[in-house]
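The values are calculated or read from the model by the stated rules, or taken from the named source; none is laboratory data. Because the structure is predicted, anything quoted here is derived from the model rather than measured. Every residue, glycine as well, gets a Cβ built from its backbone with ideal geometry; the counts of neighbours run over all protein chains shown. For accessibility, only protein heavy atoms count, side chains too; no ligands or nucleic acids. Shrake-Rupley method; radii C 1.70, N 1.55, O 1.52, S 1.80 Å.
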Amino acid sequence: MQRQLPFPKHDGPARVAIVGAGFGGLALGIRLQSAGIATTIIEARDKPGGRAYAWERDGFTFDAGPTVITDPACLRELWSLSNSDMAADVTLMPVMPFYRLNWPDGTNFDYSNDERALRGAIADLDPRDVDGYDRFLAYSAGVYAEGYEKLGHVAFLDFASMVRAAPALARYQAWRSVYSMVSSFVRNEKLREALSFHTLLVGGNPMNTSAIYALIHKLEKDGGVWFAKGGTHALVRGMVAHFERLGGTMRLGDRVAEIETLGDQVTGVRTANGWRGDFDAVACNGDIVHSYRDLLSQSARGRQMGARLERKRFSPSLFLVHFGIMGDLPEIPHHMILFGPRYRELLADIYDHGVLAADFSLYLHHPTASDPNMAPPGCSTFYALAPVPHLGKLAVDWEEIAPIYAERILAEIERRLIPDLRSRIMTKFYYTPKDFSHDLAAYLGSAFSLEPILTQSAWFRVHNRDDKIPNLYFVGAGTHPGAGIPGVVGSAKATAKLMIDDLVG
Ligand SMILES: Cc1cc2nc3c(=O)[nH]c(=O)nc-3n(C[C@H](O)[C@H](O)[C@H](O)COP(=O)(O)OP(=O)(O)OC[C@H]3O[C@@H](n4cnc5c(N)ncnc54)[C@H](O)[C@@H]3O)c2cc1C
């Protein structure tokens, strides 16, 4: 049913502003523009992409954030809406193995959708777990069909929508954690880690993130793991080119300072540079606390929601060290996880105790394994990422700690993987929780917004359309279904459906 909005009060197509050019904002912009809605994306930073920002340093190309592209079909759909072909703007390359997992005792486990190789690797860990893996796969396929294919791109606006999902949640024991569910199928501890760590990629602790997130295994198995030629930011640039070709407008380097309201309606936006525009509807892609508390501070709804959201549980932050080194390292695959000596206890330090532990689990990104052009000839680009407590749990001076922490991470990689690493470094820099907070207005410097626990998922997450302001919408990691590229692109599909129904009918 079309909702009665006071707009458009003008001739011509409906006009929409999207605050923020993250993957969610860009995907929403493409969908709206494809439906004939005149869309302006306003981005605070000098480049689009949000967490998927990028830097060029000394001839090396560094992606800031996402590197593992899954479910490429959800991206291709953004082009096929207007009968265009994504391949004209972006080249996706398959990555194999998906990840190499490594433990301190030297064990390697190559994780991929090559069934024979994967079963062989599982049998090497514990032959008794091959059957258990098959049962886990069947479970993962079930939650994928229910949780992702059916519900991953529809808005949960009322409690009734949650009630409708309840039987499936019960059937798949959604109250259990991913780790607990995985442990019911396989007994080898390394395999339990290998089949449960994925929630960390969307900000969730495997020990208390709902077992529905086990769907990631099936998502990767069916859709593969991909990398954009030139880096993830090349995908971002491709999305911007497509959006602009469709007639959309980008405003970069202009932070929105206020979303203007009149009564219970949004009327336009005003930026820090003094620009303002009237819009029929506004969608927020930035941080959810920032959007309500800061951009809507003049409205009672903004203040109320801001205060309410501040009390929620937020995902941890991340510490990243980016480095470019001399030499090709073809033996190091594109994606590696270097598990530490502790798993459950380390996660508790990060999520619960707010401790910057002496040990860490690292994700190592080596993009030149797929695209050597991301470094000067004969050189390699890397980043190493460690989950760390967010700023609300750990109050340290990151400027002081960053160089020390980075050295410890580099020493660990040197010890386990690249013996002469530090003598090869040509360029290096860090990215800390403070940077997430400063550059992205991320509440507490959280890298993934609201923690994806069951009581903060679906209807319990920020709604894709505000309950009280009918022409205010949300898209991105803080909304349903949540963080990660497929998640935020799914949220854009849910939000676009609402907006198109509301504005076009
Ligand atoms: C280091 C890292 C690695 C990751 N790895 C992966 C991965 O491999 N695979 C994967 O699928 N996911 C990964 N993720 C998660 C994924 O990157 C994010 O969930 C996703 O990109 C978030 O997109 P978003 O649409 O919510 O917007 P964001 O990326 O958060 O962008 C929001 C944008 O809004 C802008 N903004 C905020 N306030 C304002 C304002 N007032 N005015 C104007 N603009 C504003 C910000 O500048 C920003 O550009 C990773 C995340 C991080 C941090």
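Among (1) farther than 30 Å from GLY340 by Cβ; (2) open to solvent by less than 60 Å² (accessible area, probe 1.4 Å); (3) touching a residue at least 12 places away in the same chain (Cβ under 8 Å), which single condition is ALA160 missing?
It is condition (3) that ALA160 fails.
Within the bounds of region 112-122, is there any residue that is free of Cβ contacts under 8 Å to residues at least 40 places away in the same chain, under 23 Å from PHE474 (Cα atoms) and assigned to a helix (DSSP H, G or I)?
No.
Taking region 27-53 as the region of interest, how many residues are of a type in the set (A, V, I, L, M) and assigned to a loop (DSSP other than H, G, I, E, B)?
Our first condition is that a residue be of a type in the set (A, V, I, L, M); within region 27-53, this holds for 27-28, 30, 32, 35, 37-38, 41-42, 44, 52.
In the following step, the residues that additionally are assigned to a loop (DSSP other than H, G, I, E, B) were identified as 35, 37, 44.
Residues in region 27-53 being of a type in the set (A, V, I, L, M) and assigned to a loop (DSSP other than H, G, I, E, B): 3 in total.
Got a sec? Which of THR61, THR67 is surrounded by 20 or more Cβ atoms within 10 Å (Cβ to Cβ), polar (S, T, N, Q) and within 30 Å of ASN188 (Cα to Cα)? Talk me through it step by step, then tell me what you get.
Values: THR61 fails: within 30 Å of ASN188 (Cα to Cα).
Answer to the selection: THR67.
Counting only residues that are within 11 Å of the ligand (Cβ to nearest atom), open to solvent by less than 20 Å² (accessible area, probe 1.4 Å) and aliphatic (A, V, I, L, M), which one in region 28-58 is farthest from ARG270 (Cα to Cα)?
The extreme case among them is ALA52.
Return the only residue of PRO433, PRO452 being more than 30 Å from PHE159 (Cα to Cα), open to solvent by less than 10 Å² (accessible area, probe 1.4 Å) and of a type outside the set (A, V, I, L, M, F, W, C). Quick ask: steps written out before the conclusion?
Details: PRO452 fails: more than 30 Å from PHE159 (Cα to Cα).
Answer to the selection: PRO433.
Based on this model, can you work out whether TYR111 counts as over 29 Å from ALA442 (Cα atoms), open to solvent by less than 10 Å² (accessible area, probe 1.4 Å) and either within 16 Å of the ligand (Cβ to nearest atom) or in contact with a strand residue (DSSP E or B) (Cβ under 7 Å, 6 or more places away or on another chain) (or both)? Give the steps one after another, and end with the answer.
Values: over 29 Å from ALA442 (Cα atoms): yes; open to solvent by less than 10 Å² (accessible area, probe 1.4 Å): yes; either within 16 Å of the ligand (Cβ to nearest atom) or in contact with a strand residue (DSSP E or B) (Cβ under 7 Å, 6 or more places away or on another chain) (or both): yes.
Answer is yes for this residue.
Surrounded by 22 or more Cβ atoms within 10 Å (Cβ to Cβ) and away from the ligand (no atom under 13 Å from the Cβ): does that describe MET326?
no
Looking at the structure I just gave you, is GLY142 at pLDDT 85 or above and surrounded by 13 or more Cβ atoms within 10 Å (Cβ to Cβ)? Write out each step before concluding.
Working: at pLDDT 85 or above: yes; surrounded by 13 or more Cβ atoms within 10 Å (Cβ to Cβ): yes.
So GLY142 fits the description; yes.
From LEU101, LEU75, which residue is within 14 Å of the ligand (Cβ to nearest atom), of a type outside the set (Gly, Ala, Ser) and closer than 29 Å to LEU364 by Cβ? Give the derivation first.
Values: LEU101 fails: within 14 Å of the ligand (Cβ to nearest atom).
Residue meeting the stated conditions: LEU75.
Does region 78-96 contain any residue that is at positive phi and surrounded by fewer than 18 Cβ atoms within 10 Å (Cβ to Cβ)? Steps first, please.
Looking only at region 78-96, we keep the residues that are at positive phi, and these are 83.
This time we only want the ones that are surrounded by fewer than 18 Cβ atoms within 10 Å (Cβ to Cβ), so: 83.
Within region 78-96, one or more residues are at positive phi and surrounded by fewer than 18 Cβ atoms within 10 Å (Cβ to Cβ).
Scan region 170-199 for residues that are open to solvent by 40 Å² or more (accessible area, probe 1.4 Å) and aliphatic (A, V, I, L, M) and report the count.
Adding up the residues that qualify gives 1.
Working carefully through the options LEU81, LEU92, find the one that is more than 30 Å from ILE413 (Cα to Cα) and at pLDDT 95 or above. Full working, then the answer.
Values: LEU92 fails: more than 30 Å from ILE413 (Cα to Cα).
Exactly one residue qualifies, and that residue is LEU81.
Residue check, TRP226 against (1) in contact with a Leu (Cβ under 9 Å, 6 or more places away or on another chain); (2) farther than 30 Å from ALA121 by Cα, all met but one. Which one?
Of everything listed in (1) in contact with a Leu (Cβ under 9 Å, 6 or more places away or on another chain); (2) farther than 30 Å from ALA121 by Cα, TRP226 misses just condition (2).
Checking ASP371 against (1) over 26 Å from SER457 (Cβ atoms); (2) charged (D, E, K, R); (3) open to solvent by 20 Å² or more (accessible area, probe 1.4 Å): exactly one of these is not met. Which one?
(3)
Tell me which residues, restricted to region 207-262, are open to solvent by 30 Å² or more (accessible area, probe 1.4 Å), farther than 30 Å from TRP275 by Cα and either within 11 Å of the ligand (Cβ to nearest atom) or of a type in the set (A, V, I, L, M, F, W, C) (or both).
MET207, ILE212, TRP226, listed by residue number.
Out of ALA477, ALA447, ALA441, ALA483, which single residue is surrounded by fewer than 21 Cβ atoms within 10 Å (Cβ to Cβ) and within 8 Å of the ligand (Cβ to nearest atom)?
Numbers: ALA477 fails: surrounded by fewer than 21 Cβ atoms within 10 Å (Cβ to Cβ); ALA447 fails: surrounded by fewer than 21 Cβ atoms within 10 Å (Cβ to Cβ); ALA483 fails: surrounded by fewer than 21 Cβ atoms within 10 Å (Cβ to Cβ).
Result of the check over ALA477, ALA447, ALA441, ALA483: ALA441.
GLY505 passes all but one of (1) touching a residue at least 40 places away in the same chain (Cβ under 8 Å); (2) on the phi < 0 side of the Ramachandran plot; (3) more than 16 Å from the ligand (Cβ to nearest atom); which number fails?
Going through the list (1) touching a residue at least 40 places away in the same chain (Cβ under 8 Å); (2) on the phi < 0 side of the Ramachandran plot; (3) more than 16 Å from the ligand (Cβ to nearest atom), GLY505 breaks only (2).
Please state which of the following conditions ARG100 fails to meet, knowing it meets all the rest: (1) open to solvent by less than 30 Å² (accessible area, probe 1.4 Å); (2) part of a strand (DSSP E or B); (3) not hydrophobic (A, V, I, L, M, F, W, C).
(1)
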